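Data first, discussion second: the structure below is written as structure tokens.
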Amino acid sequence: MQCLSCNQGTMRPSMVEIRREVGERAFVASVDGQKCAACGVASFKGTDLARFEQAVAAALAASGEASGEAFRWMRKALNLRAIDVATLLAVTPETISRWETGRVTIDRGALALLALMVLDHDRGSAATMDALRARAAAKPLGKTVKIKLAP
Ligand SMILES: [Zn+2]
């Protein structure tokens, strides 16, 4: 296949490095891809990129990394908007913004919940997110609550 970047070289199978920076830390992975023999431009599958980005989020979640960049990366890996994660964590969108820009130290409990959602997602589960959604939509109990006991 001809290279679409330089229109001169041929794309050949090659190991390709995916690299993303989160704050001051770089994450790298090697995947099967293609490289142009003439200009060196590389390409790889979008599914590999998605798997890589999820793995980066899982590594950040497991490490307890508390930077704003890490928080944003994990949020985006869950496809959550700032308003969505604010609702789940019972804070304002402004607070999410302050955490992600590093103006305010991230609440440790909120960070732990976000990390749990990421680690759940990595295992194909949404247990933590479902539990937080249930709390966000909680209905207050009345003054008197009748409890039915099993006989
Ligand atoms: Zn090329």
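Every read-out reported here was derived from the displayed coordinates using simple, explicitly stated rules and does not represent laboratory data. Since we're looking at a predicted model, the values are computed, not measured. Positions of Cβ are backbone-derived with ideal geometry, glycine not excepted, and every protein chain shown enters the neighbour counts.
Couple of notes before you dig in:
- When restricted to residues that are assigned to a helix (DSSP H, G or I) and out of contact with any Leu (no Cβ under 9 Å at 6 or more places or on another chain), region 71-85 contains 4.
- Contact map, region 85-111: first residue closer than 16 Å to A136 by Cα, second residue among the hydroxyl-bearing types (S, T, Y) and crowded, with 16+ Cβ neighbours inside 10 Å, Cβ cut-off under 7 Å, separation 6 or more or different chains; pairs are A86/T95.
- Residue among T87, T95, T105 that is touching a helix residue (DSSP H, G or I) at 6+ places or on another chain (Cβ under 6 Å) and over 25 Å from V28 (Cα atoms): T87
Here is a yes/no grid of residues against (1) more than 13 Å from the chain's Cα centre (by Cα); (2) over 19 Å from A62 (Cβ atoms):
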| site | (1), (2) |
| --- | --- |
| R72 | no, no |
| A90 | yes, yes |
| P93 | yes, yes |
| V118 | no, no |
| G124 | yes, no |
| L141 | yes, yes |
| V145 | yes, yes |
| L149 | yes, yes |
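- With a requirement of 1 or more residues that are more than 16 Å from the ligand (Cβ to nearest atom), of a type in the set (A, V, I, L, M) and surrounded by fewer than 17 Cβ atoms within 10 Å (Cβ to Cβ), the strands (runs of 3 or more DSSP E) lying completely within region 1-70 that satisfy it span 11-22, 25-36.
- Scanning region 104-151 for residues that are at positive phi and surrounded by 10 or more Cβ atoms within 10 Å (Cβ to Cβ) returns no hits.
- Residue in region 31-46 that is under 14 Å from the mean Cα position of the chain (by Cα) and not basic (K, R) present: no
- Pairs where the first residue, in region 1-25, is within 29 Å of G102 (Cα to Cα) and the second is within 16 Å of the ligand (Cβ to nearest atom) and assigned to a strand (DSSP E or B), C-beta under 8 Å, 6+ apart: I18/F44
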